1. Could you check the stretch B:27-77 and list, in sequence order, the residues that are at pLDDT 95 or above, closer than 20 Å to B:His234 by Cβ and among the charged types (D, E, K, R)?
2. Consider only pairs whose beta carbons are under 9 Å apart and that are at least six residues apart or on different chains; among these, list those whose first residue lies in the stretch A:62-84 and is at negative phi and whose second residue is loosely packed, with under 14 Cβ neighbours inside 10 Å and among the polar types (S, T, N, Q).
3. Inspect all residues belonging to the stretch B:252-266 and state whether any of them is in a loop (DSSP other than H, G, I, E, B), within 14 Å of chain A (Cβ to nearest Cβ) and more than 16 Å from ligand 7 (Cβ to nearest atom).
4. Counting only residues that are surrounded by fewer than 18 Cβ atoms within 10 Å (Cβ to Cβ) and either assigned to a helix (DSSP H, G or I) or among the hydroxyl-bearing types (Ser, Thr, Tyr) (or both), which one in the stretch A:188-197 is farthest from the other protein chains (Cβ to nearest Cβ)?
5. Across the stretch A:175-187, which residue is nearest to A:Ser323 (Cα to Cα) among those that are at the interface with another protein chain (Cβ under 8 Å from one of its Cβ atoms) and under 18 Å from the mean Cα position of the chain (by Cα)?
6. Kindly state which helices (runs of 4 or more DSSP H) lie completely within the stretch B:6-102 and contain at least 2 residues that are outside the structural domain of B:Ala231 (by TED's automatic domain parsing) and surrounded by 20 or more Cβ atoms within 10 Å (Cβ to Cβ).
7. Output the residues belonging to the stretch B:155-170 that are within 22 Å of the chain's Cα centre (by Cα) and under 14 Å from A:Ala229 (Cβ atoms).
8. (1) out of contact with any Pro (no Cβ under 8 Å at 6 or more places or on another chain); (2) within 27 Å of A:Ser26 (Cβ to Cβ): which one isn't true of A:Leu64, the others all being true?
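The values are calculated or read from the model by the stated rules, or taken from the named source; none is laboratory data. Because the structure is a prediction, the values reported are computed rather than measured. Cβ placement follows ideal geometry from the backbone for every residue including glycine, while neighbour counts extend to all protein chains displayed.
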2 protein chains.
Amino acid sequence: MAFTEFRPLDDKSLLEYIKATPSLSSKIGNKFDALTIKEVGDGNLNFVYIVVGSSGSFVIKQALPYVRCIGESWPMTKERAYFEALALKEHGQLCPDHVPEVYHFDRTMSLIGMRYLEPPHIILRKGLIAGIKYPLLAEHMSEFMAKTLFYTSLLYRTTTEHKRNVAEFCGNVELCRLTEQVVFSDPYKVSKFNHWTSPYLDRDAEAVREDNTLKLEVAGLKSMFCERAQALIHGDLHTGSVMDTPNSTQVIDPEFAFYRPMGFDIGAFVGNLILAFFAQDGHAHEGNDRKEYKEWIWRTIEETWTLFHKKFTALWHQHRDGSGEAYLPEIYNKPELQ
Amino acid sequence: MAFTEFRPLDDKSLLEYIKATPSLSSKIGNKFDALTIKEVGDGNLNFVYIVVGSSGSFVIKQALPYVRCIGESWPMTKERAYFEALALKEHGQLCPDHVPEVYHFDRTMSLIGMRYLEPPHIILRKGLIAGIKYPLLAEHMSEFMAKTLFYTSLLYRTTTEHKRNVAEFCGNVELCRLTEQVVFSDPYKVSKFNHWTSPYLDRDAEAVREDNTLKLEVAGLKSMFCERAQALIHGDLHTGSVMDTPNSTQVIDPEFAFYRPMGFDIGAFVGNLILAFFAQDGHAHEGNDRKEYKEWIWRTIEETWTLFHKKFTALWHQHRDGSGEAYLPEIYNKPELQ
Ligand SMILES: Nc1ncnc2c1ncn2[C@@H]1O[C@H](COP(=O)(O)OP(=O)(O)O)[C@@H](O)[C@H]1O
Ligand SMILES: Nc1ncnc2c1ncn2[C@@H]1O[C@H](COP(=O)(O)OP(=O)(O)O)[C@@H](O)[C@H]1O
Ligand SMILES: [Mg+2]
Ligand SMILES: [Mg+2]
Ligand SMILES: [Mg+2]
Ligand SMILES: [Mg+2]
Ligand SMILES: [Mg+2]
């Protein structure tokens with residue numbers, strides 16, 4: 001069974017695929033007897049298989065040419081897997097502590113093999129619902145954002161490297177368009193895919209659609225999102241793209257990666273923490289009013305920003321004589337300008 | 001004599017080239033007897049040959065792999081001719097009245113054949129020095145800028161087309177870098193290629209180098225120049241890139257074309273008119289104090305902006321229900337938002 005052209009995998013063909021792929025089979029010590037393969041499938045777009053053997057494990061993520069949670073009626077290029085693999089590798093180089101290692105990539109099959117983030121890793125969004133504290137979350141996420149955003153910006157890079165990368169990621173246009181639609185357009189008009197808690201929030205949803213000041217503000221942000229190639233952003237950095245234990249923070253799923261304003265990542269992550277903060281009241285019950293947990297979330301929001309600011313400016317200072325072309329040392333490295 | 005690989009032309013080999021190229025030889029009715037070939041060579045970067053026969057004419061522009069006015073010590077990709085040809089053709093489609101027609105392009109030879117802008121066309125900068133009035137200049141240049149900038153922006157285009165074009169023009173990185181250097185960096189530091197009227201302006205040049213407020217402002221503009229893909233700009237729209245008669249305005253030399261902030265073109269053109277305004281005192285003599293001419297320049301500056309604003313917003317209004325994705329009709333086409 002050869003895999004020379006694209007086809008969607010299932011448990012059976014995945015096993016064949018693994019056997020035919022040394023970079024994967026070696027990860028499980030080439031032992032196929034006690035292998036378990038389980039599709040996780042709680043993501044919105046793709047298929048994720050967890051593969052665990054007696055002496056190793058990995059995860060296989062495959063992109064099909066449509067949006068999983070909608071179905072074949074919403075086609076979406078499977079080339080997104082290529083950009084996800086590119087971004088995972090680049091993030092992994094820049095911040096190896098917080099990104100799962102990529103073991104294998106197959107462009108024809110739109111398939112990535114990567115480290116299995118084993119339990120107790122869970123999706124951060126689920127942890128926030130369960131009320132689990134992650135004392136290192138702000139530290140780790142500020143580290144991830146500071147490193148990935150700084151090192152891919154013109155504060156570190158030459159414009160030559162920058163344009164080469166921007167040109168490459170321009171191929172990820174369909175995923176950008178999805179964000180343009182669901183973040184910058186759909187909420188401000190009547191749209192098939194909008195949903196909210198109806199009828200309770202009907203008036204609020206309508207108020208957003210009717211708020212002209214907000215809509216003009218959003219148009220400015222959308223222009224920047226479409227036009228400004230500031231740094232390689234993750235592009236989908238909500239709490240569903242982070243897997244955590246109290247000691248470990250891992251950022252997954254950068255298939256929306258593109259050169260865009262840095263604020264989009266920082267805002268997505270912090271914005272999702274703010275949502276989690278307000279959602280706590282809904283999770284409160286007699287034994288736990290979630291008051292203390294809300295305080296922890298609030299502190300985490302503050303610390304994420306403070307630490308991000310500190311780490312980012314420290315990287316900038318550290319590389320102030322480097323090859324970044326936004327602020328040339330000869331012009332800007334003067335005590336009065338620091 | 002075949003031209004299967006790049007070589008710099010001279011009068012003799014150019015004649016062979018024309019004979020071997022139907023799209024050129026047909027322009028002069030395939031008559032090679034009374035042909036005159038003259039290199040103009042008042043540009044900074046490239047070689048321009050004017051070819052005039054008894055029944056037709058054209059211009060040949062060739063890029064050599066270095067900067068002409070400096071010499072081989074400043075290498076510069078000859079691929080710039082490819083981007084110049086791309087931009088000339090795109091500008092020509094969007095604004096045919098003000099762009100010379102492209103007859104021929106040869107990527108291997110980095111060579112463009114285009115309409116000869118015959119006398120009395122002269123370079124606008126020379127006209128401004130000679131004190132010639134161009135009553136239609138503001139009308140024509142505002143037309144050129146409004147059309148080329150509007151139709152290549154997200155006010156008219158989809159983000160899919162936009163990204164495809166941005167990716168293509170990312171190849172023109174070397175020319176962008178030249179602008180980054182000579183416009184956004186060199187003036188603010190001591191640099192080999194800076195020159196000014198010394199010693200008279202020594203203090204002024206130094207003041208620019210020491211002005212920290214200005215330099216921080218310029219850093220912001222440079223970031224936008226390097227990062228923001230707003231529209232396909234000409235990129236070198238000074239008065240040396242415009243050829244004029246009192247009835248005709250033709251924009252040449254877009255080899256610096258790239259997706260950048262629109263303001264860079266508008267500012268370059270208006271800024272050069274402002275320079276010309278202040279330079280008039282140096283051209284004044286007993287018979288002509290240039291006072292009236294200065295007033296004409298001033299009016300032209302005002303009109304260029306007023307007409308640009310008017311034409312640009314008219315295009316926007318005209319295409320408000322079109323496929324441009326910056327302001328979706330469903331969200332923004334409401335009377336209160338016009
Ligand atoms: N490396 C991994 N280790 C363990 N679980 C993973 C890994 N990658 C993904 N998952 C699981 O699969 C789910 C979907 O993955 P994700 O990359 O977010 O896909 P999608 O692009 O469809 O959103 C995640 O929510 C998580 O539960
Ligand atoms: N189409 C044309 N018709 C007539 N003269 C031209 C034409 N194109 C260029 N020239 C002449 O050649 C000179 C240099 O051309 P230009 O395109 O500005 O080259 P460069 O890129 O070297 O600045 C112009 O200043 C003008 O005098
Ligand atoms: Mg996901
Ligand atoms: Mg995803
Ligand atoms: Mg020129
Ligand atoms: Mg860009
Ligand atoms: Mg030029």
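1. The one that is at pLDDT 95 or above, closer than 20 Å to B:His234 by Cβ and among the charged types (D, E, K, R): B:Lys61.
2. A:Tyr66/A:Ser73; A:Val67/A:Asn44; A:Val67/A:Ser73; A:Arg68/A:Asn44; A:Cys69/A:Asn44; A:Ile70/A:Asn44
3. yes
4. Pass one, the stretch A:188-197, residues surrounded by fewer than 18 Cβ atoms within 10 Å (Cβ to Cβ): A:189-197.
Now restrict to residues that are either assigned to a helix (DSSP H, G or I) or among the hydroxyl-bearing types (Ser, Thr, Tyr) (or both): A:191, A:197.
Numbers: A:Ser191: 9, A:Thr197: 23 Å.
By that ranking, first place goes to A:Thr197.
5. Step one: list which residues in the stretch A:175-187 are at the interface with another protein chain (Cβ under 8 Å from one of its Cβ atoms), which gives A:176-177, A:180, A:185.
Next, from what is left, pick out any that are under 18 Å from the mean Cα position of the chain (by Cα): A:176-177, A:180.
On the way: A:Cys176: 29, A:Arg177: 32, A:Glu180: 33 Å.
Looking at the filtered set, the residue picked out is A:Cys176.
6. On the way: elements: B:11-19, B:22-25, B:80-94.
Those helices (runs of 4 or more DSSP H) span B:11-19, B:80-94.
7. B:His162, B:Asn165, B:Val166, B:Ala167, B:Phe169, B:Cys170
8. Against the list (1) out of contact with any Pro (no Cβ under 8 Å at 6 or more places or on another chain); (2) within 27 Å of A:Ser26 (Cβ to Cβ), A:Leu64 comes up short only on (1).
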